[in-house]
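Shown next, in structure tokens, is the structure this report addresses.
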Amino acid sequence: MPLIAAVLAVVGIFVAIIWLNWPWLEQAVAVEEAPTAWLQSSMLWSCASLALLLATVERSRPPGWSLVAVGLAGAALDERFMGHERLKDWILFRFYGGNVEAMGRVGDLPILVYGLGGVLVLAWLLRSPAAPRFAGMRWMVAAVLAGFVALGLDLASNDLFVQVFEEGFELLAETLFACALLRHAQAVWAHRP
């Protein structure tokens, strides 16, 4: 129940950010200083910290959790400083001379790394022979699914209204990921000698 309350709280904060910034949605979601970017970056840092905690307390999978923590820390930095957007701009001007039509969706390809990362973490947790079994699997599956919805929205449209939903699903995915890690940490801690 506390994890569901946490998800509802984060969703409530996101809705409040949108409401407080209406009708200037770009300020809420699309600029580097956007409160949504800060919230997402904070959630990713929290996930990285939880993965690092799991690397220290769950002795059967520490290298994997350390790698997950590094990936999440990189994602937090990317979110905070809009690294994938800067990469997209670099591709646009380096290879397409600033011609957006010529570039098409090529500039969006780097964002697919997030989907790949989610699938790899999920596959690692499903196939891991280490005990204990990952206790937050339902939360993790939901996180990956929400992440894919966000990716689909990101790739489907550049419309600001669609971006609000995309950012909402990104935040939901990050929150569900944190809940998955918290649920597993709780299970590991409960079974410590």
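The figures follow:
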{"quantity": "Residue within the range 16-36 that is in a helix (DSSP H, G or I), under 14 Å from the mean Cα position of the chain (by Cα) and closer than 28 Å to G107 by Cα present", "calculated": "yes"}
{"quantity": "Residues of the range 121-169 satisfying the condition of being out of contact with any helix residue (DSSP H, G or I) (no Cβ under 9 Å at 6 or more places or on another chain), among the aliphatic types (A, V, I, L, M) and part of a helix (DSSP H, G or I)", "calculated": "A123"}
{"quantity": "Candidates A156, A73 - the one that is surrounded by fewer than 18 Cβ atoms within 10 Å (Cβ to Cβ), among the aliphatic types (A, V, I, L, M) and modelled with pLDDT under 90", "calculated": "A156"}
{"quantity": "First in the range 16-36 and farther than 11 Å from L160 by Cα, second anywhere and β-branched (V, I, T) and surrounded by fewer than 18 Cβ atoms within 10 Å (Cβ to Cβ), Cβ under 9 Å, 6 or more apart", "calculated": "P35/I13; T36/I18"}
{"quantity": "Enumeration of residues in the range 26-60 that are over 15 Å from E170 (Cβ atoms), open to solvent by less than 30 Å² (accessible area, probe 1.4 Å) and modelled with pLDDT under 90", "calculated": "V57, E58"}
{"quantity": "Neighbours by Cβ (under 9 Å, 6+ apart or cross-chain): first from the range 120-131, open to solvent by less than 40 Å² (accessible area, probe 1.4 Å) and at pLDDT 90 or above; second outside any helix (DSSP H, G or I) and not basic (K, R)", "calculated": "L125/F134; L125/G136"}
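The values are calculated or read from the model by the stated rules, or taken from the named source; none is laboratory data. Because the structure is predicted, anything quoted here is derived from the model rather than measured. In this analysis, Cβ positions are derived from the backbone assuming ideal geometry, glycine residues included, and neighbour counts consider all displayed protein chains. Calculation scope for accessible area: heavy atoms of the full protein, side chains included, ligands and nucleic acids excluded. Shrake-Rupley method; radii C 1.70, N 1.55, O 1.52, S 1.80 Å.
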